[in-house]
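Take a look at the structure below.
The values are calculated or read from the model by the stated rules, or taken from the named source; none is laboratory data. None of these values were measured; they are calculated from a predicted model. Backbone-built Cβ (ideal geometry, glycine too); neighbour counts: all protein chains shown.
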Amino acid sequence: MPAGVFDGVDYVALGHLHRPQTLTPRLRYSGSPLAYSFGEAGQQKQAWLVELDAAGLADVRPVPLPTPRQLSILTGELAELLAAPEHAAAEEHFVSARLTDTVRPGDPMRQLRERFPHCVHLEWTGAGAGADGRSYQERLRGRSDLEVAEEFVDHVRGAGPSDAERELLGRALAAAAREDAA
């Protein structure tokens, strides 16, 4: 609705938006007192101190709010994030880690939490994370169950199965086929 709807009102405190905003001197969003997503990393949260007098709105001042635990978004290979001294401050922050490793690391959240105990989000953006442009049906057409399983391992990890893993997959698929036949 247009701001003019509130003409004649001394002060309007709006809510829901997470960042404080001033639409007019008398019409403001307070913002949220705490960050609710990593998209709010780096925002200084605040409240508005509103003073009214007999004539109406006298003054509005921002009051910075304390940040109990800051948010940090860290991007890089797992080994780099675990060792880089420039990330020392983030050890006390809520952390979102974006791993760029070519091959998906094993158990990265456990490793990250050893250094960053408040790591709450993890995503892998490495080279193996993206699709190859073929549809699912195209990727499966004419392929054996073992080939499909090998491609799945490659997709989720960024590297195909080892010889031992390939053998284990083959045995598991053969056992499943025997069970289906029975």
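Only one entry in Arg110, Arg143 is free of Cβ contacts under 8 Å to residues at least 24 places away in the same chain, outside the structural domain of Gly42 (by TED's automatic domain parsing), surrounded by fewer than 11 Cβ atoms within 10 Å (Cβ to Cβ) and not acidic (Asp, Glu), namely Arg110.
Here's the yes/no breakdown for (1) charged (D, E, K, R); (2) in contact (Cβ under 8 Å) with a residue 40 or more places away in the chain; (3) more than 30 Å from His121 (Cα to Cα); (4) surrounded by 10 or more Cβ atoms within 10 Å (Cβ to Cβ):
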{"residue": "Gly4", "(1), (2), (3), (4)": "no, no, yes, no"}
{"residue": "Val9", "(1), (2), (3), (4)": "no, no, yes, yes"}
{"residue": "Leu17", "(1), (2), (3), (4)": "no, no, no, yes"}
{"residue": "Ser30", "(1), (2), (3), (4)": "no, no, no, yes"}
{"residue": "Lys45", "(1), (2), (3), (4)": "yes, no, no, yes"}
{"residue": "Glu51", "(1), (2), (3), (4)": "yes, no, yes, yes"}
{"residue": "Pro68", "(1), (2), (3), (4)": "no, no, no, no"}
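Which residue is surrounded by the most Cβ atoms within 10 Å (Cβ to Cβ), if the candidates are limited to the stretch 151-170 and must be part of a helix (DSSP H, G or I) and at pLDDT 90 or above? Ranking the candidates gives Leu169 first.
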